[in-house]
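Here's the structure we're looking at; comments come further down.
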Amino acid sequence: MWQLRVPCNCHAYALRLDLPHSTGRTVRDVHVPDGFINAPVSVAAGAVAVAGVAVALRGARRELDDRTAPLAGLTAAFVFAAQMLNFPVASGTSGHLLGGTLAAILVGPYTGVLCVSVVLLMQGLLFADGGLTALGVNIVNMALVTVLVGYGLFRLLLRVLPKSPASVAGASFTAAVVSVPCSAAVFTLVYAVGGTTDVSVGKVAAAMIGVHVLIGIGEALITAVTVSSVLAVRPDLVYGARDLVKPLELRRTGTRDGAPGGTPDRASGPAGDARTPEGPEPSGASA
Amino acid sequence: MTTKTTAGRPVKRSTKRFFAAFLLVSLVLAGIVSYYASSSPDGLEKVAADKGIDSKEKDHSLKDSPFSDYGVKGVDDSRLSGGLAGVVGVGAVLLVGGGLFWVVRRRGGTPEHGRDGAQGSAPAREPAGSEDA
């Protein structure tokens with residue numbers, strides 16, 4: 001009897017909690033639509049976006065290899081999924097992850113720009129979210145600005161903080177929390193130059209930055225929790241924290257490099273690299 | 001390469017398992033949890049409506065696409081419609097993004113070597129690889 005009642009209450013409570021802020025109908029995840037920004041400024045933003053993506057494509061080559069390329073694809077998919085999860089920030093207002101800081105920390109800044117850009121492109125093409133003529137504006141605001149600010153601040157903080165997982169979490173949080181209002185500020189700037197409507201820029205700036213400070217807290221929580229989770233399970237897969245795992249890699253590469261350089265009898269190079277389980281595994285393990 | 005083992009196989013498998021878990025989390029978030037997301041307007045939309053920025057907003061040119069507004073046209077159940085759209089989106093982003101990253105990636109190193117090499121000793125190998133990216 002008791003055991004029956006407890007789950008029932010939980011369920012009812014959960015339902016009641018969910019109802020107020022979810023009609024369940026539309027996941028509104030609205031980026032800058034068509035018609036907010038005039039054509040010349042949209043084109044200019046598009047040119048900046050193209051240039052940014054081109055630089056990112058070049059730089060990403062250094063960040064991506066056979067193992068990190070799939071991780072980057074999965075990170076983009078995760079950012080897409082997380083962007084669907086609008087969370088309430090104030091009365092009648094919600095926010096969602098932008099994801100630039102998160103992607104940059106996980107897979108590198110250049111690849112991070114590409115991750116968010118791919119998400120924005122697919123949202124515009126598949127889900128009619130974010131105007132196609134505003135794609136440049138959206139890439140500038142949500143991919144370029146968030147990665148530049150977020151990842152820049154993250155690396156800066158890690159330089160002064162002690163090398164520990166807690167520092168990585170703290171730096172992720174701070175970087176993400178700052179990146180969102182910066183994105184809002186840049187939108188305001190774009191609006192000031194090319195807005196199609198005649199609204200006081202001061203009012204837009206105050207409202208945009210104000211609400212995005214709150215959204216930034218949500219962004220920061222998601223970013224810090226995600227980065228910390230991956231760091232806990234696979235520290236070697238967090239690009240932004242690769243300094244943390246370096247001592248460990250040095251020790252390992254040290255033993256491995258020692259083998260070919262030292263004794264010729266261990267020059268089972270390819271086999272040693274491939275590390276087939278039937279191969280000379282015991283000798284490697286004993287080192 | 002990782003903290004765990006010295007043999008290649010287990011390390012590789014654990015990376016695959018991590019990737020699978022990561023994908024599963026994304027699918028669950030987009031396919032199931034998204035139903036419970038707030039449907040209030042987001043920051044930009046709210047400010048735009050309050051201040052009147054949106055008076056000249058135009059309809060999206062693809063607003064009649066089969067997945068527009070994160071639903072699947074023809075599926076009436078909103079939970080199913082939104083969930084399917086989320087799963088489709090995760091798949092599409094993974095395919096396009098993953099494909100792009102796979103094409104762009106640095107070649108020439110074995111997967112085992114990739115990350116180790118990236119720490120500094122890789123460039124020696126890089127020019128030898130094909131530059132067909």
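The values are calculated or read from the model by the stated rules, or taken from the named source; none is laboratory data. Everything quoted here is computed from the prediction, not taken from an experiment. All Cβ positions, even for glycine, are placed from backbone atoms using ideal geometry, and neighbour counts span all protein chains on display. Keep in mind that these areas ignore ligands, DNA and RNA; they rest on the heavy atoms of the full protein, side chains included. Shrake-Rupley method; radii C 1.70, N 1.55, O 1.52, S 1.80 Å.
Miscellaneous remarks
- Positive-end residue, segment A:31-244 charge dipole about Cα centroid, Cβ charges, pick of A:Ile217, A:Ser91, A:Met122: A:Ile217
- Buried surface for the A/B pair, taken as the accessible area of each chain alone minus that of the pair with a 1.4 Å probe, is close to 8300 Å² in total.
- Sequence-ordered 3J(HN,Hα) estimates for segment A:87-97 from the Karplus curve with 6.51, -1.76 and 1.60 and θ = phi - 60° stand at 10, x, 10, 8, 4, x, 10, 10, x, 9, 4 Hz, glycine and proline given as x.
- For A:Val55, neighbours were defined as the other residues whose beta-carbon sits under 14 Å from its Cβ, and their charges (Lys and Arg +1, Asp and Glu -1) total +2.
- A 1.4 Å probe run over the protein chains yields, for segment A:31-244, 32 Å² of accessible area per residue, whole-number rounding.
- When the charge dipole of segment A:31-244 is built from unit charges on Cβ atoms (+1 for Lys and Arg, -1 for Asp and Glu) and taken about the Cα centre, the candidate among A:Gly195, A:Pro165, A:Pro40 whose Cα reaches farthest toward its positive end is A:Pro165.
- With a simple spin-label model that places each label point 7 Å from the Cα along the Cα-to-Cβ direction, the separation between B:Ala21 and A:Val50 comes to 4.3 nm.
- Simple point charges give the picture: +1 on the Cβ of Lys and Arg, -1 on the Cβ of Asp and Glu, and for segment A:31-244 a dipole about the Cα centre of about 500 debye.
- Theoretical FRET efficiency, 1/(1+(r/R0)^6), r = Cβ-Cβ of A:Lys203 and A:Arg155, R0 45 Å, to 0.05: 0.85
- Extension gain, B:Asp76 back to B:Asp59 (0.36 nm per residue minus Cα-Cα distance, nm): 3.9 nm
- Amide H contacts under 5 Å for A:Gly195, placed H, 5+ residues apart: A:Asn38
- Two-decimal Rg to Rh for segment A:31-244 - Kirkwood Rh, Cα set: 0.97
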